[in-house]
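The values are calculated or read from the model by the stated rules, or taken from the named source; none is laboratory data. The model shown is predicted, which means the values in this text are computed figures rather than measured ones. Positions of Cβ are generated from backbone atoms using ideal geometry, with glycine treated the same way; all protein chains shown enter the neighbour counts. The accessibility values were calculated without ligands, DNA or RNA, using every heavy atom of the protein model including side chains. Shrake-Rupley method; radii C 1.70, N 1.55, O 1.52, S 1.80 Å.
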Amino acid sequence: KPVNDSLEFVTTIGKLYYEKGDHKNLAEKLTQYFLDYVRNRFKIPTVEINPSSVQQLSAKSNRDVAEINAITETIHTINLSETITQKQLMDYYELLENFYKKNKHE
């Protein structure tokens, strides 16, 4: 079986950032991955996240607008913050994982 080295690499890098306590940097990397996922999977531009793009993503991903808003509001909070807490990082990670899991089954 081929090994997914890129996933292993991302996991290792994530652990390093987490152990280093650089939660904001890791959250920014999670955001970059999420926006790339949205662009590639749903063909939605992510240069600007606005109510229209939230509605589009909600419709194309078959997810509630509130779930998409929770993610985009967290992205906005992270962008405006100098640092974030471990709890904020874990909450953000959970939001994203729930989004990805729901889309994996469809």
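Observations
- Scanning segment 88-106 for residues that are without any contact (Cβ under 8 Å) to a residue 60 or more places away in the chain and surrounded by fewer than 17 Cβ atoms within 10 Å (Cβ to Cβ) yields a count of 10.
- Index of the failed condition, T85 passing every other in (1) over 16 Å from D22 (Cα atoms); (2) surrounded by 11 or more Cβ atoms within 10 Å (Cβ to Cβ); (3) polar (S, T, N, Q): (1)
- Filter result for the condition that a residue is assigned to a helix (DSSP H, G or I) and surrounded by fewer than 13 Cβ atoms within 10 Å (Cβ to Cβ), over A66, A27: A66
- Residue within segment 31-52 that is small (G, A, S), within 25 Å of T85 (Cα to Cα) and modelled with pLDDT of 80 or more present: no
- For T72, the test of being of a type in the set (V, I, T) and at pLDDT below 95 is failed.
- Within segment 47-63, being among the polar types (S, T, N, Q) and surrounded by 13 or more Cβ atoms within 10 Å (Cβ to Cβ) holds for S53, Q56, S58, S61.
- If you go through segment 36-46 and keep only what is open to solvent by 30 Å² or more (accessible area, probe 1.4 Å), touching a helix residue (DSSP H, G or I) at 6+ places or on another chain (Cβ under 9 Å) and free of Cβ contacts under 8 Å to residues at least 60 places away in the same chain, you end up with K43, P45.
- Looking across segment 44-54, just one residue is under 17 Å from the mean Cα position of the chain (by Cα), polar (S, T, N, Q) and part of a helix (DSSP H, G or I), and that is S53.
- For K1, the conditions (1) at pLDDT below 90; (2) surrounded by 10 or more Cβ atoms within 10 Å (Cβ to Cβ) are fulfilled apart from (2).
- Search result, residues across segment 39-82 that are among the β-branched types (V, I, T) and under 14 Å from N98 (Cβ atoms): I68, I71, T74
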